[in-house]
Structures are given as C-alpha cells and as structure tokens.
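Taking it in order: structure first as structure tokens, then the write-up.
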Amino acid sequence: METLGINKRFGRVEANRDVSMVVREGTIHGIIGENGAGKSTLMNALYGYIRPDSGEIRIKGKKVRIRSPQQAARHGVGMVHQHFMLIESATVLENMVLGTERGFLLQPSMDQARAQLDRLKQGYGLDLDADALVSDLSVGLLQHLEVLRALYRGADILILDEPTSVLLPQEAEFLFEIMRLLKSQGKTVLFITHKLREIMEITDHVSVMRDGRMAGHLKTEETDIRELSHLMIGRQVFLKPPRALGLSRYSVLDVDRLSVLDNHGHQRVRNVSFPVRTGEIVGIAGISGNGQSELLEAIAGIRPIHDGRIVVQGVTIDKRVPYSANIMRRLALAHVPEDRKRVGLIPEFPAYQSILLGRQHDPEFGSIGLGWRKVKNFCRRKMNAYDIRPPDPHMQTSHFSGGNQQKLVLAREMENEADLLLVGQPTRGVDIGAIEYIYQRLAQLRDQGKGILLVSAELEEILFLSDRIVVMHDGEVVGIVDKVNASPELIAAMMTGHIPEGTIGVVRPGDTDALH
C-alpha cells in the first residue's frame, strides 16, 4: 500500500498535509504521532470513512478510489477501530454477517458465516462463542471479534487503531501473536499506537507523524525510543519519578469496610479499607476486573454503596445517606473516569460545554446564569495548557481524537481546585508528550497537598507515580505497600492474590493501626 500527497482539511484545520508513505506487503508497519498529529485522519481516508481533498492511494501499485468502507473491503482493506463498531444487542455471528448478507434469505449467509468463523477461530487460536451476545464479551474478546470480522470480509491489509489502549498486558501479548501470525500469512498490518515500547517490540517499520505531516520513516531495528519520541514532539521527553515532599497524617478520604455490587448484583468490592492522605498519590493495582472500577465509581458517587462507609473531608457516607456524584463534588472531589466516552463526555457537545460538565455551578463562570464568554475563555486556556488539538472551543467533542478527548477530561478535572482527585486510566490513548505533562501535573497537585487516588491498568505507571500502592484481587485488598518497598515482581505476585513468603513492608488487611 502507498499514499502519495494526501491532503485533508477540516475548516481551518489541516489534518493531513502532503502525506506520503510506503507500506511493504507482508510487514507490520507502525504509525505514531502526538494526539491530533493526523494519524486517524489518514487511516480513515485509507478505509473510506473520509475523502482526501487531494492525493492518491495505491494498492499493489495500482491507483484506487476508496470512497466507503465497502469499497475498502473490496480492495482488501479492513480496520479495527479504537472504539469498537459492534452492535451490543446482537450475537457474535450476527455482527460477523452484518453488511455482507447476500440475497433475500438470511439463513444461507448465517450458515456460511458460522462455518467461516469456526475456521478462523481454529486458525488463530481464538475462543469465541458464535451465539454469545456482544454485550457479554470482555474487551479482549470484543477486539478478537473485530479482527475476525475484518478477516471474514477478506482483509489482506488490516488497520489496527490504538488496539492495546484498552487491553490487559496478557491480552496485548496475545494480540501481538495474532499480528505475527497474520504477517507470516503474507498479510499487512498497520499498527497505530502511542506506546513506543510496543512499536519496538512488534513492528518492522515505523512512520512518524507530526502536525499533519510525515516527520520520518524508519526501520524499527535501526531506531530507538529516544529518537522516535524526539521525532514525534520535537524535543527530548523527561519522565522522572515524582518525589513526594512528605506525607500528612490528615486523611482526605477514608474507605472503611466498603462493599460494592456490580450491575448484575454480584459483589465486586469486599470489605475494602484504606486511607488517602493529603499530599500523597495512592495507586490501586490489580488485574482488570478485580473490583477497581467499581471501587472508583462508588467513591465518585456514581455507584451505590452496598455496605461499609466512605469518609470524605470528615463527612461520613454510607448506604443510609443520600448520595450522588453531585454531592461528592460538593465535598471537593474531582473524578477522571476510566471510560471517557461513556461517563466523561457528551460527544455531541462542543468542547466548551464538555469542559463545563459537573462545573456549571462554579462561581468563576457566573453568579447568575452561565457566562458563556468566561466558559469559552476558560476552555481556550486549558486547551493551550494541555495541548488539545485543534484548540477550538466550538469544535464538537466527537470530532477530537481519542487522546485529545482524554486531555479535555483531564483539563476539566485536574484544574478543579478539589482536595481529593480520583483518576482512572489517566494516560489511556495519549501521546508521550502529554504523558510527561500529566505526570508532572499530578506530582504538582500532590505537592500542593491534594490527595490523589489512581487506578491504572499499567503496572509501570502505578509504580512510577504512587507513594503507596493498594493491591486488589477478587474484590479484596491483598495488602498495601509503600513505594520504597514496592517492586514489579512483588506487586505482580500480590495481584494474583498472595504475598510471597519472607516479604517485608506489606500492610495486610485487618491491621487497622498500620493502615492509619
């Protein structure tokens, strides 16, 4: 596949500027760049979601016109999007068939799809129930379905847009195995990611985008993370571990024997206790699905308490007390949700309204009614501070890239003058330059005396940022470890539910004196 001089403008924004790229057949080709660098625009042009203003796309040396995803499929191009394009109320098989039905009778298409699905599952070592509802699948299985659906449609060129941003480490490694298998079969994979270590691990070549242009094309084995990050943002990145100024004995949050149910009535958080003090970052470590999400949602006021209590700023909240996200915000709590699209933003709103969500009663925006000029000026300032691209307060939220949407949420919540900040997956889908800024800002807030509770699927991020680490398994606290005693090996072992013999420096559940 080859692109020649692709240009695309959205109003005043030049998303792609004279973008040319050669992707060799039967290779894994990485594409990296900052949020808003133009990666998604280029991929959407290759898949027919948008039409370039000018330029050419060539496949196997021939110029092609791709004006829709259906045309892309006919040319052997498939795409797995960062946000899955599946119908949750339909089955795996129905999602496979959707858009490929032939004739008036559906059953022959369904029978053919079932047989093809069985062959693909066997060929790629995937375990998917054809009759399972998509709404019941894990994130990893959803992605497997997207890959299989593209292969079912005959894809020889597969575009993967930020595929690991929502995956556990073991799920990401399994995806890499699938990518290597696809390459061995002569298929071509375009891999878009912000994680430079993944680029170094899995790709053969890498193209770097910056400000809508191509900044460089390299063989992966001939480059390194430092060169790639410099090409991406034009400078060297410094990710230095933040150093706490010293812990306070004042707790801004006390979680006391808390139990929480999931949406199906199953207990996902069991008898959990820990404090968050002013001037510290407390990280919650655990394999995804072990209660961290439900814990964060309960503290934020968007999931009811089943048992136990939460004490915020000296105010005690349990299942007998009226309780909501609005009430928690009044107690000087801010919340960066794990799922920005479902909880953090309203995609149809312009950016200046999305950055206002939950803050519409702040005095700085007007004492009698909202002062929209103040809101828009606030939005512009935060867009500049967090490098949100394009810095246009009137642009619809859904039109920003995923990473820029994340930065919009972070700008709203991290600048909220709150005493307690709940942060879920802060760097999901953002580039290395933004990660550097987010880490620095979290450290600054901590050193200003804020209490921060951090949930992240990235163990490296938990170890890097946290002053103390609460390790969870199966909804319970396995133990609490100070930064000086934490290691990747210890935390990983505790995430499986046990503490290795001879371990020192771990506070076990029930040791309330040590906890406080």
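The values are calculated or read from the model by the stated rules, or taken from the named source; none is laboratory data. This is a predicted model, so every value here is computed, not measured. Every residue, glycine as well, gets a Cβ built from its backbone with ideal geometry; the counts of neighbours run over all protein chains shown. We work out accessible area using only protein heavy atoms, side chains counted, and drop any ligands, DNA or RNA first. Shrake-Rupley method; radii C 1.70, N 1.55, O 1.52, S 1.80 Å.
How far is the Cα center of segment 354-395 from the Cα center of segment 453-513, in Å?
Here the two parts' Cα centres lie 38 Å apart.
Contact order normalised by length for the chain, with contacts defined as Cα pairs under 8 Å and 6 or more residues apart; what percent is it?
Value for the chain: 15 percent.
Calculate the dipole size of segment 406-516 relative to its Cα centre from +1 charges on Lys and Arg beta carbons and -1 charges on Asp and Glu beta carbons; express the result in debye to the nearest 20.
Details: 9 positive and 18 negative charges, 48 e Å.
Using Cβ point charges on Lys, Arg, Asp and Glu, segment 406-516 gives about 240 debye.
How many percent of the alpha carbon pairs in segment 148-199 exceed a separation of 12 Å?
Percent of Cα pairs beyond 12 Å in segment 148-199: 68.
If N is the number of residues in segment 272-351, what value comes out of its Cα radius of gyration divided by 2.2 N^0.38 Å?
1.18
Please go through the residue pairs K63/K219; K60/K183; K121/K341 and name each one whose alpha carbons sit more than 22 Å apart in this structure.
On the way: K63/K219 25 Å; K60/K183 17 Å; K121/K341 30 Å.
Pairs exceeding the cut-off: K63/K219; K121/K341.
Rounded, prolate or oblate: which one fits segment 152-295, using the alpha carbon gyration tensor with axes a ≥ b ≥ c (rounded when a/c is under 1.5, else prolate when a/b beats b/c, else oblate)?
Values: a/c = 3.46, a/b = 1.56, b/c = 2.21.
In terms of gyration-tensor shape, oblate.
Per DSSP H run of n ≥ 4, the term is -39500 (n - 2.57); total these for the chain, divide by its residue number, and report the mean residue ellipticity at 222 nm rounded to 500 deg cm²/dmol.
The helix-only estimate for the chain comes to -9500 deg cm²/dmol at 222 nm.
Keeping all protein chains in place, calculate the accessible area per residue for segment 42-179 (probe 1.4 angstrom), answer in Å². Please list the in-between numbers first.
Details: 6630 Å² over 138 residues.
Normalised by residue count, the accessible surface of segment 42-179 is 48 Å².
Going by amide H atoms built from the backbone, whose H comes under 5 Å of the H on A215, apart from near neighbours?
V208, M209, R210
When the label point is put 7 Å from the Cα of I499 along its Cα-to-beta-carbon vector, which residues of segment 256-298 have a backbone N closer than 19 Å?
Once the point is set 7 Å along Cα→Cβ of I499, 256-258, 270-276, 282-287 turn out to lie under 19 Å by backbone N, inside segment 256-298.
Full extension from E489 to H399: what is 0.36 nm times the residue separation minus their Cα-Cα distance, to one decimal in nm?
28.3 nm
Between R342 and L168, what is 0.36 nm times their sequence separation minus the Cα-Cα distance? Round to one decimal in nm.
Between R342 and L168, full extension yields 60.7 nm more.
Give me the percent of the accessible area of segment 424-471 that comes from carbon and sulfur atoms, probe 1.4 Å, all protein chains in place.
48
For segment 1-113, with all protein chains present and a 1.4 Å probe, just round the carbon and sulfur fraction of the accessible area to a whole percent.
49
How large is the direction-averaged shadow of the alpha-carbon convex hull of segment 292-413, in nm²?
Seen from a random direction, the Cα hull of segment 292-413 projects 8.3 nm² on average.
Report the Cα-based extents of the chain along its three principal axes, largest first, to the nearest Å.
The Cα atoms of the chain stretch 70, 51, 49 Å along the principal axes, largest first.
Quick one: if the Förster radius is 35 Å, what FRET efficiency do K374 and Y250 give, using the C-beta to C-beta distance and rounding to 0.05?
Values: r = 33 Å, r/R0 = 0.95.
Calculated transfer efficiency: 0.60.
Could you point to the residue in G125, V13, L93 farthest towards the positive end of segment 1-148's charge dipole, with +1 and -1 charges on the Cβ of Lys/Arg and Asp/Glu respectively?
V13
What per residue convex hull volume, in Å³, do the alpha-carbon atoms of segment 254-296 yield?
68
Apply the a/c threshold of 1.5 to the C-alpha gyration tensor of segment 1-69 and tell me whether it is rounded, prolate or oblate. Before the final figure, lay out each step's value.
Details: a/c = 1.83, a/b = 1.28, b/c = 1.43.
It comes out oblate by the Cα gyration axes.
If you roll a 1.4 Å probe over segment 276-331 with all protein chains in place, what percent of the accessible area is carbon or sulfur?
50
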